[in-house]
Amino acid sequence: MKFLAPTPTPYDPLVWRTRPLDERGRQVCEAWAMQGYGAPLAVYAAYVLKVVGYVLAWAWCCSFSPALGPLGAIDRWWLEPLAFQKAVLFSLLFEVLGFGCGSGPLTGRYLPPLGGLLSFLQPGTTKLPLFPRVPLVGGDQRTMFEVLLYLALVVSLGRAVLAPTVTFGLLLPVVVLVPVLGVLDKTIFLAARAEHYWVTTVCFAFAPSWVAGAKVVQLALWFWAGVSKLNHHFPSVVGVMTSNGPLTRLPWLRRAMYRRFPDDLRPSALATRLGHLGTALELGVPLAFLLTPLGTPPVVAMVLMLGLHFYITSNVPMGVPIEWNVAVVYGAFALFWAHPEVSVLSVQPWWLVGFFAVWCVALPVLGNLRPDLVSFLLAMRYYAGNWAYSVWLIKPSAVARLERLTTTSPWIYRQLAPFYDEATAKGLIGRVMAFRMMHLHGRALPHLVPKAVDALADYEWLDGELIAGLVLGWNFGDGHLHQEQLLQNVQRQCGFEEGELRCIFVESQPLFGSSLAWRVVDAKSGLRERGEVAVEDLRAHQAWTTTPHEGGVSPLA
């Protein structure tokens with residue numbers, strides 16, 4: 001099965017995992033710089049086919065609407081308002097089923113390659129309720145009632161996308177069920193990409209002329225994504241993404257992303273400039289669309305938008321939000337290109353203005369100023385490199401305790417066993433360490449790991465993203481999904497002993513803030529230590545060092 005074989009690591013993975021953290025970190029980061037995750041091209045081909053299937057499935061759903069016409073006439077109806085409504089509803093269905101973001105090998109899903117419905121339709125699986133200790137809506141595990149509610153949402157979305165027209169009666173169950181399920185399990189609300197698709201669906205249901213409201217949502221997605229990159233984190237993202245992109249495999253290009261490969265893997269001047277350019281582009285797209293009614297040629301905004309999303313999708317970022325990017329691009333055509341005359345100031349009724357003020361302004365502002373309180377998805381802080389994250393350190397002898405959980409995916413190495421030998425599997429999953437450490441926030445780990453455990457070689461290192469995928473059935477970069485609430489939930493079901501499971505939790509840098517908050521927590525005994533790390537000090541570090549590379553002070557001194 002050579003077409004499924006990952007790029008071999010330039011070291012023996014079984015020996016590598018026994019080495020000290022500084023040595024392990026350096027070796028895996030050097031490997032990532034030139035090889036990325038090492039996924040074979042067949043994996044990327046599978047994602048391309050999935051995107052094609054996503055588009056064809058939407059077009060098939062549209063074919064049930066006589067007002068649009070047959071598939072063969074798609075060039076005449078693809079920008080019609082009804083086609084856009086079906087695109088939003090179908091995308092919500094696609095995501096909440098688990099086929100979109102967070103699916104496949106690039107998100108740690110191998111066998112099965114998706115979570116979503118597999119977990120959300122099974123009673124007893126782990127959930128994260130909004131109010132954990134409140135009767136009826138709290139609890140650690142999914143009930144049959146919650147399964148039926150999720151099934152009702154899927155059926156409601158299916159009816160809407162296959163109906164001849166999208167009516168209020170078809171939209172209302174979706175409008176109600178998405179937030180209800182979000183109260184019962186935050187994971188489902190985030191998996192649905194509710195900050196985009198659900199908010200737009202509310203607009204469909206209640207706005208007499210919904211194009212203006214849909215435009216507000218779309219502009220907010222671009223604007224806040226740009227705001228989230230106004231820090232020192234994004235240049236690291238550029239390098240990490242370029243080192244992993246299927247179209248950027250030229251060795252000279254990957255080396256150019258770093259100051260001096262292999263000794264200094266901080267972002268180069270080129271990566272930093274590209275980061276600033278990307279930020280300006282993300283902020284410039286909504287500005288260009290706002291200026292279009294004032295005389296700016298609409299083609300200017302469209303070219304900027306296409307350039308932005310081509311760069312994102314061509315790099316196939318970890319988490320693979322490819323279909324979501326396709327939906328955003330389509331929205332630009334269906335809303336702004338097809339209806340340039342509609343002003344965002346024409347949103348009606350008045351209460352919908354307040355609704356947008358909450359979801360498209362207040363929550364993103366709060367999420368930027370207090371990222372510990374709001375999911376990065378709800379705050380629209382997309383792919384900025386400034387995320388909450390966690391590392392779970394578990395003793396191999398205690399892994400069997402996780403079998404007490406009801407899950408739809410086996411332990412990560414059991415997923416890989418049908419495809420790879422032990423060394424290959426360890427090497428592949430070990431690369432996730434580099435993905436985390438090569439981002440600016442990950443440079444705190446060499447100082448935090450010794451605070452968590454005495455001997456790293458005695459523990460299995462797993463990024464919290466892999467834990468969330470295993471336990472919750474969905475993961476997509478939201479570190480809040482795998483922090484204390486999940487740990488306490490897992491502990492109640494698994495009963496780890498002192499020292500068997502230790503977690504490092506690191507929060508995002510607030511807008512106008514200068515540090516990252518961190519905690520070290522034991523599954524049984526709770527909080528062991530907490531503190532903050534100065535971002536400026538991290539900038540002086542290599543990903544694997546505990547002392548600055550050039551001047552400055554130790555971040556935790």
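Values in this text are rule-based calculations from the coordinates and carry no lab data. Keep in mind that this is a model prediction, so the values were computed, not measured. Please note: Cβ atoms are built from the backbone with ideal geometry, for glycine as well, and neighbour counts cover all protein chains shown.
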Could you work out the equivalent-ellipsoid semi-axes for segment 1-108, taking the square root of 5 times each eigenvalue of the Cα gyration tensor, largest first, in whole Å? 44, 14, 10
How far is helix 21-35 tilted off the main Cα axis of the chain, in degrees rounded to 10, range 0 to 90? 40
Using the Kirkwood formula on the Cα atoms of segment 93-245, what hydrodynamic radius do you get, in angstrom to one decimal? 17.5
Using the Kirkwood formula over every pair of different C-alpha atoms, what hydrodynamic radius in Å results for the chain? 24.1
Cα-based helix-to-principal-axis angle, 298-314 vs the chain, degrees rounded to 10: 40
What's the magnitude of the charge dipole for the chain around its Cα centre, counting Lys and Arg as +1 and Asp and Glu as -1 at the beta-carbon? Answer in Debye, nearest 20. 400
For segment 442-513 the mean separation of alpha carbon contacts under 8 Å (6+ apart) over residue count, i.e. relative contact order in percent, is 32
Determine ³J(HN,Hα), in whole Hz, for all residues of segment 490-507 in sequence, where each value follows from phi through the Karplus function 6.51 cos²θ - 1.76 cosθ + 1.60 and θ = phi - 60°; x replaces Gly and Pro. 4, 4, 5, 8, 10, x, 5, 7, 3, x, 7, 9, 10, 10, 10, 10, 10, 9
Which FRET efficiency value, to the nearest 0.05, do you get for SER343 and ARG370 by plugging their Cβ-Cβ distance into 1/(1 + (r/R0)^6) with R0 = 41 Å? 0.80
Taking 0.36 nm per intervening residue step and subtracting the Cα-Cα distance, what contour gain separates ARG492 from LEU14 on full extension? 168.8 nm
Interchain or sequence-distant (5+) residues whose placed amide H lies within less than 5 Å of the amide H of ARG528 are VAL520, VAL521, ASP522
What does the net charge come to around ALA33 if you take all other residues with beta carbon closer than 12 Å to its beta carbon, with K and R at +1 and D and E at -1? +4
Radius of gyration and Dmax over the Cα atoms of segment 241-287, both given in Å: 12.4, 40
Average the reciprocal distances over every distinct pair of alpha-carbons in segment 373-446, invert the result, and give the Kirkwood radius in Å. 15.1
Taking only the alpha carbons of segment 389-538, the radius of gyration and the largest Cα-Cα distance, Dmax, both in angstrom, are 15.2, 48
Interchain or sequence-distant (5+) residues whose placed amide H lies within less than 5 Å of the amide H of TYR258 are SER268
Stretch in the chain that is longest and holds no chymotrypsin sites (Phe, Trp or Tyr not before Pro) that DSSP places in a loop and that have at most 13 other beta carbons within 10 Å: 65-511
Taking 0.36 nm per residue of separation and subtracting the Cα-Cα distance, what length does fully extending THR545 through GLU23 add? 187.0 nm
Inter-centroid distance (Cα atoms) of segment 137-162 relative to segment 180-228, Å: 19
Got a sec? Charge dipole of the chain, +1 on Cβ for Lys and Arg, -1 for Asp and Glu; which of VAL344, VAL506, VAL52 is way out at the positive end? VAL52
Report the extension gain between VAL299 and ALA46 in nm, rounded to one decimal, defined as 0.36 nm multiplied by the number of residues separating them, less their alpha carbon distance. 87.8 nm
List the residues of segment 474-518 whose backbone N lies under 16 Å from a point placed 7 Å from the Cα of ARG528 along the Cα-to-Cβ direction. 484, 487-488, 496-506, 518
Which residues qualify? For ALA388, with a placed amide H closer than 5 Å and at least 5 residues away or on another chain, they are GLY479, SER508
Each label sits 7 Å from Cα toward the beta-carbon; between LEU130 and THR7 the label points are separated, in nm, by 4.4
Virtual spin-label span in nm between PHE64 and ALA417, 7 Å along Cα→Cβ: 4.1
For the chain, longest principal axis from Cα atoms; helix 144-162 axis from its Cα atoms; angle between them, nearest 10 degrees, is 50
Rg(Cα) of segment 310-429 divided by 2.2 N^0.38 Å? 1.59
For segment 280-363, taking Cα atoms only, what is the radius of gyration to one decimal and the Dmax to the nearest whole Å? 14.4, 41
Could you work out how far the C-alpha centroid of segment 414-489 sits from that of segment 37-59, in angstrom? 25
